[in-house]
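Working notes for the structure below.
The values are calculated or read from the model by the stated rules, or taken from the named source; none is laboratory data. Every value quoted in this text rests on a predicted model; they were computed, and no experiment measured them. Ideal geometry is used to build each Cβ from the backbone, glycine not excepted, and the neighbour counts take in all protein chains shown. Ligands, DNA and RNA are stripped out before the accessible areas are found, and what is left, the full protein with its side chains, is counted by its heavy atoms. Shrake-Rupley method; radii C 1.70, N 1.55, O 1.52, S 1.80 Å.
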Amino acid sequence: MGIPEVFRMAASTAVVTGSGLAPVRWPGRIAASVAYGETGVPAAPAVEGHPGKLILLETSKGSLIVFAGRTHLYEGGEAGGAAAAAASLGCRRIILTHAAGSLKRSLPVGSWLAPSGAVSLPWSVLDECGGRPTVSARLRKSAAAAALAAGIEVRGGTIYWTPGPMYETPAEASAAALMGADAATMSLLPELCAAAENGLEVASLAFITNFAPSVKGCPTGHEEVLKAGRKGSQELFRMLPELAGI
């Protein structure tokens, strides 16, 4: 097993799609596509809403390597497998898209967030990358500008990372908000670590799929996230060519 040679040195930018955010169709031309299971890197995801395909996409503004779907830390695999694979293919930067739950009414479902960083309680995950990884201010600004060029406004803020697989309780969500977070996710922090380990410039685009239970007063389910993600996937379709051009 291994990644086909056609992917090597084919693009400078990689994009990872989050829960339900992989578009049904892709902008431009698919030059190559392979299932994660046929490559061994990254591991094939088991969660619905993550197709598990590596795609070489040729758009009107450049080429992208797209990791359609991710493996989360709670699945027991390499949560940063996409970053390691992207670096091995010659990418210099990676944009991590993911679903997130809003921790405040002022950040509604359907919004996009370009976080400046992440906070978390289980800091032990950071031991593996030797410190607290940071989002690239330059790439974050470029990703937000690319979204705006596609007609999509992106807000700033901070993401709270929880290891999952369970959604945060009302008490946990309230604590995350007190820490200064605007939204919560199960995706971002280990992948920031992996990007730093592999020398990649990294930024994140979070799509708000739901309100946290501390805000809406009832639990969140994965079906709710996937349903909301359909709108996000349509907007990501418009963003991808712009992201290829940064």
Only one of (1) hydroxyl-bearing (Ser, Thr, Tyr); (2) in a loop (DSSP other than H, G, I, E, B); (3) within 19 Å of residue 193 (Cα to Cα) is not met by residue 19, so which one is it?
-> (3)
Does residue 156 count as open to solvent by 30 Å² or more (accessible area, probe 1.4 Å), assigned to a strand (DSSP E or B) and touching a residue at least 40 places away in the same chain (Cβ under 8 Å)?
-> yes
Is at least one residue of the range 200-207 within 21 Å of residue 80 (Cα to Cα), assigned to a loop (DSSP other than H, G, I, E, B), at pLDDT 95 or above and more than 13 Å from the chain's Cα centre (by Cα)?
-> yes
Condition broken by residue 171, with the remaining ones in (1) assigned to a loop (DSSP other than H, G, I, E, B); (2) farther than 16 Å from residue 109 by Cβ satisfied = (1)
Open to solvent by less than 40 Å² (accessible area, probe 1.4 Å), free of Cβ contacts under 8 Å to residues at least 40 places away in the same chain, assigned to a strand (DSSP E or B) and more than 21 Å from residue 193 (Cα to Cα) - does that describe any residue in the range 93-104?
-> no
Residues in the range 7-38 that are crowded, with 20+ Cβ neighbours inside 10 Å and without any contact (Cβ under 8 Å) to a residue 40 or more places away in the chain: how many?
-> 1
Looking only at residues in the range 189-229 that are among the charged types (D, E, K, R) and in contact (Cβ under 8 Å) with a residue 12 or more places away in the chain, which one is surrounded by the fewest Cβ atoms within 10 Å (Cβ to Cβ)?
-> 227
Say whether the condition of being within 16 Å of residue 233 (Cα to Cα), of a type in the set (D, E, K, R), open to solvent by 10 Å² or more (accessible area, probe 1.4 Å) and in a loop (DSSP other than H, G, I, E, B) is met by at least one residue in the range 51-69.
-> no
Would you please name the residue that is modelled with the highest pLDDT, looking only at residues in the range 167-188 that are open to solvent by 50 Å² or more (accessible area, probe 1.4 Å) and over 11 Å from residue 213 (Cβ atoms)?
-> 178
Which number in (1) at pLDDT 90 or above; (2) not in a strand (DSSP E or B) marks the one condition that residue 134 misses?
-> (1)
